[in-house]
Amino acid sequence: MITATPNQPLKNVIEFRPETGELAGHSYAVFFRVCSSPACDCGFTVLNFHATEGEEGLVGALEANVHERTLKLRDGGPSLSACFKETMDAGMQETDWENLERGYYLYKNILAENFDVESLDMDFPKELIDDLGMMQAYVDYLPAAAVFVVEKAGEKFTIIDQYCINPNCDCTDSFLSVSKEGAEPTGFLYNYRSKKIVAESSTLDIATAAEFLVQLRYKNASFDEQLAKRNRNMRLLFAKFLQKQPQRTIAPVASMRKTGRNEPCPCGSGRKYKNCCGKSK
């Protein structure tokens, strides 16, 4: 009944073809409106139905929650809205809901990658104030953002990118956490500026890590730029959060005790101080 068209994320993302009832035999383009917050994964969307033949314009409107699998009429919606709801209530299969959810995430992924930092306020755990070097996962704060998926020997692995978000740190490392169902996560530290794996701070076999990077760059030619943008956005959001904390200033990267050149960098990157924030010392 519902066909996803993910190659058109800014146009109609699904096509609705009822098989029974008053609407049977007609095709409708469904346009999405989703919750506009990039930090929210509520599942809420508005479905606007447009006829693809004959009469033009809006012919139906519903509200849906793709996580809860619920539909409701919109106040003041077009007269055919009740017909659309009745048809969908009677005929929606799990695959139809999956296609709706796919359309929802097409939009939310775009919002999570292309938002105005100045227009978004975000809360962070208070413990980060006392440990600015703790690496944070991007999807922990923007849960609708796309995660990375790679394969090896027929198995799929999910990769979650984590960053140092200390506003006073200019390191360019990301810890890429690698997991698969039923196994303990591993990972590797990767410098998206130099495009090199930091072998001494990795828990995944380096040859496998390199193989995964090849896949990631093949799927997304701007992979390194995407990591840099995500890291920059997280630091800016965290800086805004710190500025609003009472009687709190952003701590410098280095601690009061002088850090030895071969000791771990206080920023939490996992690299030696001389190879990270101590380069310019």
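The values are calculated or read from the model by the stated rules, or taken from the named source; none is laboratory data. Since we're looking at a predicted model, the values are computed, not measured. Backbone-built Cβ (ideal geometry, glycine too); neighbour counts: all protein chains shown. The area values use the complete protein model at the heavy-atom level, side chains included, leaving out ligands, DNA and RNA. Shrake-Rupley method; radii C 1.70, N 1.55, O 1.52, S 1.80 Å.
One residue is enough: does the stretch 223-230 have a residue meeting the conditions open to solvent by 70 Å² or more (accessible area, probe 1.4 Å) and either on the phi > 0 side of the Ramachandran plot or at pLDDT below 95 (or both)? The answer is no, given that none of the residues of the stretch 223-230 is open to solvent by 70 Å² or more (accessible area, probe 1.4 Å) and either on the phi > 0 side of the Ramachandran plot or at pLDDT below 95 (or both). Filtered by the rule that a residue be surrounded by fewer than 17 Cβ atoms within 10 Å (Cβ to Cβ) and either in contact (Cβ under 8 Å) with a residue 40 or more places away in the chain or under 17 Å from the mean Cα position of the chain (by Cα) (or both), the stretch 77-91 gives GLU86, ALA90, GLY91. Scan the stretch 135-144 and tell me whether some residue there is over 30 Å from ASP205 (Cβ atoms) and within 19 Å of the chain's Cα centre (by Cα). Taking every residue of the stretch 135-144 in turn, at least one turns out to be over 30 Å from ASP205 (Cβ atoms) and within 19 Å of the chain's Cα centre (by Cα).
Here are GLU118, GLU98, GLU63: which of them is within 27 Å of the chain's Cα centre (by Cα) and assigned to a strand (DSSP E or B)?
On the way: GLU118 fails: assigned to a strand (DSSP E or B); GLU98 fails: assigned to a strand (DSSP E or B).
Going through GLU118, GLU98, GLU63 in turn, the sole match is GLU63.
Scanning for something over 30 Å from LYS126 (Cα atoms), among the aromatic types (Phe, Trp, Tyr) and out of contact with any His (no Cβ under 8 Å at 6 or more places or on another chain), does the stretch 224-246 turn up at least one residue?
Of the residues in the stretch 224-246, the ones over 30 Å from LYS126 (Cα atoms) are none.
No, the stretch 224-246 contains no residue that is over 30 Å from LYS126 (Cα atoms), among the aromatic types (Phe, Trp, Tyr) and out of contact with any His (no Cβ under 8 Å at 6 or more places or on another chain).
The listed residues are LYS72, LYS85, and the only one of them that is out of contact with any Gly (no Cβ under 7 Å at 6 or more places or on another chain), in a strand (DSSP E or B), modelled with pLDDT of 90 or more and of a type in the set (D, E, K, R) turns out to be LYS72. Can you tell me which residues in the stretch 25-76 are surrounded by 15 or more Cβ atoms within 10 Å (Cβ to Cβ), among the hydrophobic types (A, V, I, L, M, F, W, C) and under 15 Å from THR87 (Cα atoms)? Scanning the stretch 25-76 gives VAL30, LEU47, PHE49, VAL59, ALA61, LEU62, ALA64, LEU71. For ASP161, state whether it is under 23 Å from ASP224 (Cβ atoms) and not β-branched (Val, Ile, Thr). It is true that ASP161 is under 23 Å from ASP224 (Cβ atoms) and not β-branched (Val, Ile, Thr). Of all residues in the stretch 123-146, those being open to solvent by less than 70 Å² (accessible area, probe 1.4 Å), within 22 Å of THR45 (Cα to Cα) and either out of contact with any Asp or Glu (no Cβ under 6 Å at 6 or more places or on another chain) or free of Cβ contacts under 8 Å to residues at least 40 places away in the same chain (or both) number 5.
Take the conditions in contact with a helix residue (DSSP H, G or I) (Cβ under 6 Å, 6 or more places away or on another chain), in contact (Cβ under 8 Å) with a residue 40 or more places away in the chain and surrounded by fewer than 17 Cβ atoms within 10 Å (Cβ to Cβ) and apply them to VAL150. Does it pass? No; evaluated as a whole, the condition is false for this residue. Checked against (1) of a type in the set (S, T, N, Q); (2) at pLDDT 85 or above; (3) more than 30 Å from TYR141 (Cβ to Cβ), THR3 passes all but a single condition, namely (2).
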